[in-house]
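The values are calculated or read from the model by the stated rules, or taken from the named source; none is laboratory data. Keep in mind that this is a model prediction, so the values were computed, not measured. Glycine gets a Cβ as well: all are built from the backbone with ideal geometry, and neighbour counts include every protein chain shown.
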Amino acid sequence: MEYNDVVEAVVFALRKAHTELPDDVVKAIKKAYESEDNEIAKRNLEAILKNIDAAKKLGVPMCQDTGIPVFFVSVGRELCLDFDLKAAIVEGVRKATAEIPLRPNAVHPITRENSGDNTGMNVPQINIDLVEGDELKLVVMPKGAGSENVSALKMMLPTEVNKVKEFVVETVKKAGGKPCPPVFVGVGVGGTFDGAAKLAKKALLKNVLEMNEFELEMLEAVNELGIGPMGLGGKNTALAVLVEMGHCHTASLPVAVNIQCWANRRAEVVLR
């Protein structure tokens, strides 16, 4: 495996993520369309499905907000890399931005100066885990600002375990139509202040059709809000609530809610 292999893998993954939604996400949207009885909501879902189809056929990004690239990288313990992995990922982002093309979104937090290529200080965001084997797996999640801006984190007390669902529902309620619903809701429970946020984002990588009882309970509560597609009413405010948990300190209960719009974009590539 060489430096350029990783660069090209990043370009491939970003192109796929921006032009083609995963099968489970598309199935969830189609299921919502078939179940929706609000006429305006149904038309919005139909428009979303047409958008998805056009992006795939034309090979163009499905949304003008091409987001901040977030990577979850799994490195096999038996893999020997004689190059800077992070540098290769950064170069891949620069190349993808120019070739796909992607809107440059990365700006300095204070001066607001745009880097022009979706890279900069700590961007792209790269999370690396060591795993068994000799493979390198790159999973990319382009994260738009509309949904990221309405996400939330709360340092709850250990006695507030029964209020986790309430916090999730309240976060979606406050978001309203801003994140372009129907949304996907990633929830991180436990860990630390920053760890809970990472868990919430990582939860969005899960199969959206495979929710457990706890997740389904929260999904039902969220959909009772009636916000609906694009905030115009309907029974499909969220398409999935996905939870990742981590052990936490005995004196705390961090809970993070990471909202994702209907375009739950993600793609992965494995190099051997």
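The table below lists the values:
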| read-out | value |
| --- | --- |
| Enumeration of residues in segment 148-173 that are β-branched (Val, Ile, Thr) and crowded, with 16+ Cβ neighbours inside 10 Å | VAL150, VAL164, VAL168, VAL169, THR171, VAL172 |
| Residues within segment 64-109 that are over 22 Å from ALA145 (Cβ atoms) and touching a strand residue (DSSP E or B) at 6+ places or on another chain (Cβ under 7 Å), tallied | 7 |
| Subset tally (residues that are under 22 Å from PRO142 (Cβ atoms) and among the basic types (Lys, Arg)) for segment 32-72 | 3 |
| Some residue of segment 243-256 being touching a strand residue (DSSP E or B) at 6+ places or on another chain (Cβ under 9 Å), within 21 Å of PRO142 (Cβ to Cβ) and either assigned by TED's automatic domain parsing to the domain that holds GLU34 or free of Cβ contacts under 8 Å to residues at least 60 places away in the same chain (or both) | yes |
| Close pairs (9 angstrom Cβ cut-off, 6 or more residues apart or separate chains): under 12 Å from ARG266 (Cβ atoms) in segment 193-206, in a loop (DSSP other than H, G, I, E, B) anywhere | LYS201/SER151; LEU204/ASN264; LEU204/ARG266; LEU205/ARG266 |
| Subset of segment 209-238 (residues that are surrounded by fewer than 24 Cβ atoms within 10 Å (Cβ to Cβ) and closer than 24 Å to VAL140 by Cα) | LEU209, GLU210, MET211, GLU215 |
| Set VAL140, VAL150: member being under 20 Å from the mean Cα position of the chain (by Cα), over 25 Å from VAL270 (Cα atoms) and β-branched (Val, Ile, Thr) | VAL150 |
